[in-house]
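Read the structure below first, then the notes.
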Amino acid sequence: MSGIQSQLECDSLKVQLSDGEKLLRDVRADRDKLAAALAAQTRRMESEAAHHLQDTLQLANQHRALEETIKHHRGEIMLNKRQIQSLQDDKNDANLKEAAHLWEKETWKKERESLEREKALCEERIRELESTA
């Protein structure tokens, strides 16, 4: 019996070994599939990262260009504000000169009218004096 038992044990071990080898092949196949999937996913992610980097660099360049445009427009706005202020100052000066001229004209007009009234009174007084003399 010991020969038969040994043979049975040997057969059992062979079956276990065969099952273990099959299981090992299955595990290795799963590992290879997972490794291939991981490699493919890594390539996709690297490609996406490269596109993202390219997009980021493009956005950074656009941002710099926009900053330069804004800076340029701010300079133009400041220049326009200074020009507007200068024009307003010129207009204010012109208005003051016009107001001074009108005031002077009105003052001289009133002065002339006052002198004409005084002259008329003097002429009337002279006529009165001449008529009584």
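Bear in mind these aren't lab numbers, they're just calculated from the coordinates by the rules spelled out. These figures come from a predicted structure and were not determined experimentally. In this analysis, Cβ positions are derived from the backbone assuming ideal geometry, glycine residues included, and neighbour counts consider all displayed protein chains.
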query = For LEU96, what is the net charge nearby, where nearby means another residue's Cβ is under 15 Å from its Cβ and Lys, Arg count +1, Asp, Glu -1?
reply = -2
query = What's log10 of I(q)/I(0) for the chain at q = 0.13, 0.15, 0.22 Å⁻¹, Debye sum over Cα points only, no solvent?
reply = -0.94, -1.01, -1.20
ask   = Quick one: Cα centre-to-centre distance for segment 85-122 and segment 2-47, in angstrom?
value = 114 Å
ask   = Which value results when the Cα radius of gyration for segment 1-49 is divided by 2.2 N^0.38 Å?
value = 2.16
task = Select from SER18, HIS63, ASN80 the residue farthest towards the positive end of the dipole of the chain; place +1 on Cβ of Lys and Arg, -1 on Cβ of Asp and Glu, and compute about the Cα centre.
result = SER18
query = Once the Cα atoms of helix 2-132 and of the chain are each reduced to a long axis, what angle between those two axes, in degrees from 0 to 90 to the nearest 10, is obtained?
reply = 0 degrees
Partner lysines for LYS119 [C-alpha distance under 20 Å; skip if fewer than 8 residues away on the same chain] = LYS109, LYS110
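Is there a quick way to get the dipole size of segment 1-61? I mean about its Cα centre, with the Cβ of Lys and Arg at +1 and of Asp and Glu at -1; what is the value in debye to the nearest 20? If you can, show how the numbers build up before the last one.
Values: 8 positive and 10 negative charges, 21 e Å.
Roughly 100 debye for segment 1-61.
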query = Which lysines does LYS71 reach when only Cα atoms under 21 Å apart count, and residues fewer than 8 places away in its own chain are ignored?
reply = LYS81
message = Taking the Cα centre as origin and putting +1 on Lys and Arg beta-carbons and -1 on Asp and Glu beta-carbons, what dipole magnitude results for the chain, to the nearest 20 debye?
response = 440 debye
